[in-house]
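The values are calculated or read from the model by the stated rules, or taken from the named source; none is laboratory data. These numbers were taken from a predicted model, which means no experiment stands behind them. Note that we place each Cβ from the backbone using ideal geometry, even for glycine, and neighbour counts take in every protein chain shown.
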Amino acid sequence: MKPLTFKPRILQSFVSIITVISLAGCATKTLGPPNPADPWEASNRSVYEFNDAIDRALLKPVAEAYAFVTPQPVRSCINNIFLNLGEVWSFINSSLQGRHEDALNTMGRFLLNSTMGIGGCFDLASMNGAKRIPNDFGVTLGVWGVSSGPYMVLPILGGTTLRDGTGKIPDVYFNQYGYGQFVHNVDVRNSIYGFEVVQRREALLDITNMVDRTAPDPYSFIRDAYLKRRAAQIRGANAEVEKLPNYEDFEDVPADDKALGIPAKN
């Protein structure tokens, strides 16, 4: 077997792509008043456009094909299974944040759905009023007092902040990568990872289509919705009056979000 060798051309190509994106960002005009949380808006918009082009050319068509050939009950089952696997990491983060009630609720959801729900295929917990509490290490860092830092758009990964982007490292390692290690066949494991990407994109089709139809500036809408949701997640139980907006389904948009392009729910 030939030893792996480092190819300088690969690095040169990568640097060239990043350079083009950065230079394009310098020439990109921002829409509306500048957002203090987004000091790198010009370059962020360029990366957003790059990601959007990749999505429309590859990820979205594959997700649409998957939705076309797979019945809705099957897709819901698969989506619930992946969400159920993530409950363990949510439980750990709720515990680290000192939110023990949320942690117990999450673990109860996992046990119920994993057993009576046939491995998470059926979300019996939600049917019985125990709603899912999405959680990750970025939220944990926020609860611990770490500032979010500037908003940033990463190639392929999309919008995040400096704090949340750092939190993605343990998220990926302990969540997706962690449960993947139970599958010892590398080809099967990689296929599961790829399938999860397709499934996650399919679950967002209705949302992204709605944003395309209604948001005057999709970049600003996605950024502002992301920042507002993350702030609400960090406040958690301390947000005594304001209900946590569920931007995953875009069914729970507060009235003051009309400026973002989505009307409030009646």
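Yes/no per residue for (1) at pLDDT 95 or above; (2) in contact with a strand residue (DSSP E or B) (Cβ under 9 Å, 6 or more places away or on another chain); (3) of a type outside the set (A, V, I, L, M, F, W, C):
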site: Pro36; (1), (2), (3): no, no, yes
site: Ser43; (1), (2), (3): yes, yes, yes
site: Ser46; (1), (2), (3): yes, yes, yes
site: Ala57; (1), (2), (3): yes, no, no
site: Pro61; (1), (2), (3): yes, no, yes
site: Phe68; (1), (2), (3): yes, no, no
site: Ser90; (1), (2), (3): yes, no, yes
site: Asn93; (1), (2), (3): yes, no, yes
site: Ala103; (1), (2), (3): yes, no, no
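Out of the residues in segment 126-166 that are hydroxyl-bearing (Ser, Thr, Tyr) and over 11 Å from Gln97 (Cβ atoms), which is nearest to the chain's Cα centre (by Cα)?
Thr160
Tell me which helices (runs of 4 or more DSSP H) are completely within segment 29-128 and hold 3 or more residues being buried (at least 17 other Cβ atoms within 10 Å of the Cβ), or say none if there are none.
It comes to 41-54, 60-69, 72-96, 100-115.
Please tell me if Arg109 is basic (Lys, Arg), under 27 Å from Phe174 (Cα atoms) and modelled with pLDDT of 95 or more.
yes
Checking Thr5 against (1) β-branched (Val, Ile, Thr); (2) over 23 Å from the mean Cα position of the chain (by Cα); (3) modelled with pLDDT of 85 or more, only one condition comes out false. Which one?
Of (1) β-branched (Val, Ile, Thr); (2) over 23 Å from the mean Cα position of the chain (by Cα); (3) modelled with pLDDT of 85 or more, only one is false for Thr5: (3).
Since Met116 meets every condition but one in (1) touching a helix residue (DSSP H, G or I) at 6+ places or on another chain (Cβ under 8 Å); (2) among the aliphatic types (A, V, I, L, M); (3) within 21 Å of Gln233 (Cα to Cα), which condition does it not meet?
Status for Met116: all satisfied but (3).
Considering each residue of segment 102-113, count those that are closer than 18 Å to Arg235 by Cα, without any contact (Cβ under 8 Å) to a residue 60 or more places away in the chain and among the charged types (D, E, K, R), and give that number.
So the count comes out to 0.
Within segment 81-100, does at least one residue satisfy the condition of being farther than 25 Å from Tyr177 by Cβ and not acidic (Asp, Glu)? Before the answer, list the steps.
Keep residues of segment 81-100 that are farther than 25 Å from Tyr177 by Cβ, which gives 98, 100.
Subsequent filtering for residues that are not acidic (Asp, Glu) retains 98, 100.
So far as segment 81-100 goes, yes, one or more of its residues are farther than 25 Å from Tyr177 by Cβ and not acidic (Asp, Glu).
Quick check on my filter: what residues within segment 152-163 are among the aliphatic types (A, V, I, L, M), closer than 18 Å to Lys228 by Cβ and in contact (Cβ under 8 Å) with a residue 40 or more places away in the chain?
Met152, Val153
Can you name the residue in segment 129-151 that is among the polar types (S, T, N, Q) and in contact (Cβ under 8 Å) with a residue 40 or more places away in the chain and is also surrounded by the fewest Cβ atoms within 10 Å (Cβ to Cβ) among such residues?
By that ranking, first place goes to Ser148.
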